[in-house]
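Peer 1: For reference, the structure I am asking about is given below.
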Amino acid sequence: MNTKPFNSGLSENAVVITRVADRQWHALDDDLVVGRGHAAHRPDGRLFVSIDAWHDAVFDRLAEAMPAELPAPLYTVVDEADAELTAGWRRAGFAIRRREWEYVVPTDPRVTGLDAVLPPPGVTIVPAGEADESLLRAVDRAIRDEVEAAVGWQSMPAEVIAGPEGDTVVDPSKYAVAAAPDGYLGLIRVVTVNRPRIGLVAVRAGEQRRGIARALLAEALGTLHRCGFAAAWTEVQESNQAASALFEGIGARPVGSNLELVR
């Protein structure tokens, strides 16, 4: 364990920054935990850090101690509306790398205009839970390879669900797919915890601009609407104009934004 005291003014005793486990730190003030830091790798290999602290001085001390013991580059994600937290990371030497918009997406087909949308000829939409798992994993891998070779998978939404041993299809039952006779052409993943979230909608590079993404959205949003959900949520990188146009074209509206920062 590494401990580094400093006089924070929080009490008569010095605050001590302690590495309590692998990639976990506590800030202690007279044995009281007044801050926590954590680091974790995303499936794409990048190392993300987070800090939860009650005082700016504690935040700054954790933000100084953690990078000293971690390999660069380091990343973090903050709600852009949280100006105080953003300022704290900026003080620690982090710079804004990209902005990601959060959209609320209506599900009613009369609002989205997707009630009459059909997939292109030769393509069928397989509902969530009915996809062939081996074909699903094949199209997921192919799409990720295409994105990585083009703009890089790091350009995709910052929130990534971790899976065992790099498995990127976390729960096959959450995916609907676009199927052709020789394989799958696209997929959409919707996860419902507290609210439905569209975590991914993607189509093979050679099959784009045929209406497959709209057909996948029609299936997923229609299912949510029949289950009683009035809206879903999703995130889109600011520079991804095609995705923004796709969602805004069905009535989605931005309700907030996240910033990804890097040091």
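The values are calculated or read from the model by the stated rules, or taken from the named source; none is laboratory data. Source: prediction; values computed, not measured. As a convention, Cβ positions derive from the backbone with ideal geometry for all residues, glycine included, and neighbour counts pool all protein chains shown. The area values use the complete protein model at the heavy-atom level, side chains included, leaving out ligands, DNA and RNA. Shrake-Rupley method; radii C 1.70, N 1.55, O 1.52, S 1.80 Å.
Peer 1: Go through the range 188-204 residue by residue and turn each phi into a ³J(HN,Hα) via Karplus (6.51, -1.76, 1.60, θ = phi - 60°); whole Hz please, and just put x for glycine and proline.
Peer 2: These are the phi-based 3J(HN,Hα) values: 9, 10, 10, 10, 10, 10, 8, 7, x, 10, 7, x, 6, 9, 8, 10, 3 Hz.
Peer 1: Convert each backbone phi in the range 116-124 into a coupling constant with the Karplus relation 6.51 cos²θ - 1.76 cosθ + 1.60 (shift: θ = phi - 60°), then list the ³J(HN,Hα) values in order as whole Hz, x for Gly and Pro.
Peer 2: For the range 116-124, the Karplus curve yields 9, 6, 10, x, x, x, x, 10, 10 Hz.
Peer 1: OK, next. Taking 8 Å as the Cα distance limit and 6 or more residues as the minimum spacing, I'd like the relative contact order of the chain as a percentage.
Peer 2: Here the relative contact order equals 25 percent.
Peer 1: How big is the accessible area of Glu248 in square angstrom, nearest 10, if you roll a 1.4 angstrom probe over the protein chains?
Peer 2: Glu248 has an accessible surface of roughly 100 Å² with all protein chains in place.
Peer 1: Output wanted: per-residue J couplings in Hz (rounded whole) for the range 244-259, from phi through Karplus 6.51 cos²θ - 1.76 cosθ + 1.60, θ = phi - 60°, x for Gly and Pro.
Peer 2: Here the 3J(HN,Hα) series is 4, 5, 4, 6, 5, x, 10, x, 5, 9, x, 10, x, 8, 10, 10 Hz.
Peer 1: Could you check how much of the accessible area of the chain is carbon and sulfur, as a whole percent, using a 1.4 Å probe?
Peer 2: 50 percent
Peer 1: Sorted by accessible area (1.4 Å probe), largest first, how do Leu85, Leu135, Leu118 line up?
Peer 2: The ordering from most to least exposed comes out as Leu118, Leu135, Leu85.
Peer 1: Please work out how much length the chain gains when fully extended from Arg90 to Ser239, using 0.36 nm per residue of separation minus the C-alpha to C-alpha distance, in nm with one decimal. Can you show the working numbers first?
Peer 2: Details: separation 149, 0.36 × 149 = 53.64 nm, distance 2.20 nm.
Extra length from Arg90 to Ser239 when fully extended: 51.4 nm.
Peer 1: Given H placed 1.01 Å from N in the peptide plane, which residues other than close sequence neighbours of Arg197 have an amide H under 5 Å from its amide H?
Peer 2: Val191, Thr192, Trp233
Peer 1: With each label point set 7 Å from Cα along the Cα-Cβ vector, what nm distance links Ala230 and Glu130?
Peer 2: 3.0 nm
Peer 1: How much length would be gained if the chain were fully extended between Arg97 and Leu118, taking 0.36 nm per residue of separation minus their Cα-Cα distance, in nm to one decimal?
Peer 2: Length difference between fully extended and current span is 3.8 nm.
Peer 1: Right, next: Spin-label point model (7 Å from Cα, Cβ direction): what's the Asp22 to Ala72 distance in nm?
Peer 2: Result: 2.5 nm between the two label points.
Peer 1: When ligands, DNA and RNA are left out and all protein chains stay put, how many square angstrom of accessible area per residue does the chain have with a 1.4 Å probe?
Peer 2: 51 Å²
Peer 1: Evaluate the distance, in nm, between pseudo-label points positioned 7 Å from the Cα of Ala14 and of Asp82 along their respective Cα→Cβ axes.
Peer 2: 2.9 nm
Peer 1: So what is the diffusion coefficient of the chain in µm² per second by Stokes-Einstein at 20 °C and 1.002 mPa s, using a Kirkwood Rh over Cα pairs?
Peer 2: Reported coefficient: 105 µm²/s.
Peer 1: Right, another one. Give me P(r) over the range 100-141, computed from all C-alpha to C-alpha distances, binned every 5 Å, as integer percentages.
Peer 2: 5, 15, 14, 18, 20, 21, 8
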